[in-house]
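Read the figures in this text as sums done on the coordinates, not as results from a lab. Only a predicted model underlies this, so the values are computations on that prediction, with no experimental measurement involved. Note: ideal-geometry Cβ built from the backbone for every residue, glycine included; neighbour counts use all protein chains shown.
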Amino acid sequence: MLSTSEKEQILREVPLFSQLQGHHLTSVAQLAEVVSFSNGETFIRQGDMGSCLYVIVQGTATVVLEGAGVVDRVGAKAVIGELAILSVGPRSASCVATSDIQALKIDQETFWDILYEYPAIALEIVAMLGMYIKGLQQKLVAERSAQQHSSLLDSTMHMLDTLV
C-alpha cells in the first residue's frame, strides 16, 4: 500500500497533475485508490461507460482500438481514461495489462467532490487537459504527414477532433 506522500510524489511526476500545488495535490493523493491488474487483464473496455482514470505506477499496458489493434503502449506515469473523469460517455478504446500493474484509480465522483471543495483545481485541470489534447493532436498531425494513407491515424484524428 502506498502512503499519501508516495502517491503525491507519483502524481507530481504526471503531467496531468504536475501543476497542482500543496493541499490540492494532497487532496487528490488522499482520495486516489491503489489498484492492481494482472498481466493480460483488460481493465478498460471500449464501449463501456467511463467513470475513472488510472495513473500507472508500475507496469505496462497496451491501448487497443477495435478494428485497428494496438494504437499505443504505456508505462509508469501514464494516465489512462482521463477524459472519462470530465465527461459522460463510452470509453473510446480498451486497455490491456502487458505486465502486472499497480495503479492509482481516481473515480469521477471522488474527483468532482474535490473540485467542489477546491474550485481552483478545476481551472488547473481544464488548462492542463487542453494542453494535453493539443499535444496529442500535434503528435497525430506529425504522424499523419509521415504516413499519409493510414486509416488508423484518420480514425484517431477524427476521435480527437470530436473532443475539442
- Item | Label-to-label distance, nm, for residues given as M49 and Q102 (7 Å Cα→Cβ offset) | 3.2 nm
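Report the relative contact order of the stretch 10-164, percent, no decimals, based on alpha-carbon pairs under 8 angstrom and at least 6 residues apart.
Rounded, it is 27 percent for the stretch 10-164.
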- How much length, in nm to one decimal, is gained on full extension between L129 and T26, taken as 0.36 nm per residue of separation minus their Cα-Cα distance? 35.1 nm
- Task: Using the Cα centre as the reference, give the magnitude of the dipole from point charges on the C-beta atoms of the chain (Lys, Arg: +1; Asp, Glu: -1; all else neutral), rounded to the nearest 20 debye.
- Result: 380 debye
- Task: Note the full-extension length gain between Q9 and D72 as 0.36 nm times their separation in residues minus their Cα-Cα distance, in nm to one decimal.
- Result: 20.2 nm
- Taking a cut-off of 21 Å between Cα atoms, list the lysines near K7, but don't count ones fewer than 8 places away on the same chain. K77, K105
- How many nm is it between the label spots at H158 and V35, if each spot is 7 Å from the Cα in line with the beta carbon? 2.9 nm
- Which is the longest stretch in the chain that no exposed loop site breaks, taking sites as GluC sites (Glu not before Pro) with a DSSP loop state and at most 16 other Cβ atoms within 10 Å? 67-164
- Query: Tell me, what ³J(HN,Hα) does each residue in the stretch 18-29 have, in order and in whole Hz, if you take phi through Karplus 6.51 cos²θ - 1.76 cosθ + 1.60 with θ = phi - 60° and put x for Gly and Pro?
  - Reply: 5, 8, 5, 10, x, 5, 5, 5, 4, 4, 5, 4
- Cα-based helix-to-principal-axis angle, 119-146 vs the chain, degrees rounded to 10: 20 degrees
